[in-house]
Every structure is written in C-alpha cells, then in structure tokens.
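Data block below; observations after.
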Ligand code: PLP
C-alpha cells in the first residue's frame, strides 16, 4: 500500500503542474524580464547608464535637441568633414533614390549588386591606391568578416590591446593564433613578432586612431617591424579616412608612410557622408576571396542605393581636390587645442579632432557636460567602463563646418563652466 502511494505521488510530481517547483510556474517571459530587470538595475547602480539625447534636426554644426531651447552647437558627432548634410551629398542621395530605388531586397551575390556599388568600390580602391575594395553594410561587419577568411590555425594575428570592439569580435571568430601587444608598445610587438616566426602568415592589427584618446598609432614603426619580420599589416581607419593627412588619405598620409599597410578597413558612417557602410581595401586576391567567403558580406543585405550615392559623391569631392576640408578640420582642431591648453585644461591625444578634455572624475565629467548643454554646447562625458577608472573626460569632436566663432564660443563656455567646477582658475 505504502509503495503504491509513493508511486502515485511520483507520477503526480512528474505529470501534474501543481507539483512542479515554484520557479517553473513563472513563464519564460516573466523569468527573462526578472533577470534582465536585475541586470538593468545593476547598470543604473554602477552609474554607467547611457541615456540618448534626441536630435530633431539633420546632423550639423548647429542642431536642435529635444528638451532644449534654440540651436545647440554640436561637438560630439564624427561628422569630421561636415558632409552629413552637405547639399551636394544630399542631392546625390535623392537622385539615386529615383534612379536606383530605395533598396535591393537582396544580398550582393544574389541580385544586390548595382552599377553604383561597383563604381563606389573602384573609387575607394583608387582613393586609397589599393588594387580593389569591397563594401559592407558597416565597418563593424568589415572587421567581423575579414580575419576568419584570411587567417587559419597556422597563422597569427597580433592586435593592439586597445583596438576597437569590432576588431576584437572579428578576431574572436578566426582560428588563427591570437596575440595582443601592449597599447602602441613597439618592444612588445617586436617580441611577439620574434616568437611567431614559425607561422605561415602574420597580421599586425591596429586602429589608425584610437577614438577614446584621439591618439595616432605609430604606423611607421609598425610597418618597419612588419617589414623586418615579414608580416602583413591591417589598419582600421574609421577615425582617419577623409580628413587625416593633407588630402584626407588617413593615417598613412598623416605619418608619411603612404601605401605601406597591406589592408585598410574603414567606415562611410563618419567623415564620408555619415550615413552607413564600411569597406575593406587591399590586395585583389583578398578582396576576391572576401566576396566568396566573408559571412557578413554573404549573409546580409546590400548597401542601399542612396547611401552608396552619398558616399560616392563624398569621394568625388575629396578626389576633385576639396582638400580645403581636411585643412579646415586641422585648423579648427589646432585652434581649439591651443586655446583650451592656454586656459589650463589638459587635452589628450595627438593633434586629432578628437579632443578629450581630461577631468578624471566621472561625476565631474557628467555634470560639466550637462552644464555645457545648458549653455548651448553639446558634448558628452565618458567614464568607466568606456575609459579606464579615474580617467573620465569630456570628448570634444571638431568638424570642418565649425566656424572659428563656434570654436571660441565653446572654449569660453568651457572656461566658465571649468571655473564653476574648480577645474581651471
Ligand atoms: N572601427 C572603429 C575604430 C570605430 O570607431 C567604429 C565605429 O564606432 C567602427 C569600427 C564601426 O564602424 P561602423 O559604424 O561603420 O560599423
């Protein structure tokens, strides 16, 4: 009888919902909400919550922002050349909408390649002086899709420890032996190059410009070491293409080492019109293999025609010698940096339009950027985990469309607010 009772209870426990453990009563959705709610609360508690301010105008030097009055001076876009709302660029996008449609509803290799996609790839290759180029929907995808195609288990990838997240993710996907060298540390890089001499191929990977600090990679030294140890080089030029160097060719031109990098990846989503898109420019065989094997290229939709046309117009402007734009960004950058340093601020970086105003304390960076917004200046404070603890800053980004008056007004606002918070006297 007792045995019968035990069997009956066991059956009930496995079959009847009323005997299930209490946690199983919660639906999967409710559990997920509870778990994620806890994570969200953790982010709030840690003080690392990111709020998005809502812009109600096109991207430009002067913008309107929800919840604020009048025009705001914008110093935090990657709109380095000010071409995001340039009339010629917009007109090119509108024309392509009429002539080539809104989108292709296809990946490139099925029926997603138009004449304008190939034309843009050829322009990019010509601009960088490379054999060929391939477009992606973003540079994140270009970085995610290259390493596993190029490198296998017999190869090594050697990456600066502060490279962009998309490079880190791309490297995670590849089967090559992975090495990280200390940030910009050429001794460390050389010792890894020495250790890996038995590998079939080696690729040194670096950002051209590191976006949190506005500092430029030591490309000449990297290329010299790569030559010495017979390695290839890869550079991410998202914060350089279009404006760094006299004609905007990027870090190679800025440092006088034109044509020495094996592979260039960059974005169309910053200086080059600012819409979206990325690319790889490099040797023909690599680009051809990427078209066959690169997963973000093969399994994701093609770049929309208006976006292609906008970027294509930007390359025309740059190649027709609108060299004034890179000069204008450089001039504006020098003015801002000089005036801020003279006022007593510490500005990190290497004469790059990314000008991090170093403050140290996270709350100070956040409160000062709020105070600047009240004065009509839109800048953003960055703190841990985006930058190391104790190295909070306000990142100011300079554009060719800022006037000297805009720059001076911003410096004056920084001085006023800096005095109010005791940062400068
Ligand atoms: N690489 C670097 C250095 C970047 O700063 C960014 C953008 O933030 C990317 C890659 C990704 O570019 P995209 O916005 O085209 O995906």
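Observations, loosely collected:
- Pick from segment 200-220, criterion part of a loop (DSSP other than H, G, I, E, B) and over 24 Å from residue 84 (Cα atoms), ranking: nearest to the ligand (Cβ to nearest atom): 217
- Exactly one residue out of 43, 90, 110, 18 is over 30 Å from residue 294 (Cβ atoms), modelled with pLDDT of 95 or more and part of a helix (DSSP H, G or I), and it is 90.
- Flag for residue 150 being within 16 Å of the ligand (Cβ to nearest atom) and within 30 Å of residue 202 (Cα to Cα): no
- Of all the listed residues (162, 120), the sole one being touching a residue at least 40 places away in the same chain (Cβ under 8 Å), in the same structural domain as residue 234 (by the TED database), within 16 Å of the ligand (Cβ to nearest atom) and out of contact with any helix residue (DSSP H, G or I) (no Cβ under 9 Å at 6 or more places or on another chain) is 162.
- Test: residue 197 is free of Cβ contacts under 8 Å to residues at least 60 places away in the same chain, assigned by the TED database to the domain that holds residue 265 and part of a loop (DSSP other than H, G, I, E, B): yes
- Checked against (1) at pLDDT below 90; (2) assigned to a loop (DSSP other than H, G, I, E, B), residue 3 passes all but condition (2).
- When 258, 207, 213 are screened for being on the phi < 0 side of the Ramachandran plot, touching a residue at least 12 places away in the same chain (Cβ under 8 Å) and touching a helix residue (DSSP H, G or I) at 6+ places or on another chain (Cβ under 7 Å), only 258 passes.
- Among (1) surrounded by 21 or more Cβ atoms within 10 Å (Cβ to Cβ); (2) within 12 Å of the ligand (Cβ to nearest atom); (3) over 26 Å from residue 284 (Cβ atoms), the one test that residue 181 misses: (2)
- Residue 414 falls short on exactly one of the conditions (1) surrounded by fewer than 20 Cβ atoms within 10 Å (Cβ to Cβ); (2) over 22 Å from residue 244 (Cβ atoms), and that condition is (1).
- Every listed requirement among (1) away from the ligand (no atom under 16 Å from the Cβ); (2) in a loop (DSSP other than H, G, I, E, B); (3) without any contact (Cβ under 8 Å) to a residue 40 or more places away in the chain; (4) surrounded by fewer than 19 Cβ atoms within 10 Å (Cβ to Cβ) is met by residue 174 save one, (4).
The values are calculated or read from the model by the stated rules, or taken from the named source; none is laboratory data. Keep in mind the model is a prediction, meaning the values are calculated, not measured. Methodologically, a virtual Cβ is constructed for each residue, glycine included, from the backbone with ideal geometry; neighbour enumeration extends over all protein chains shown.
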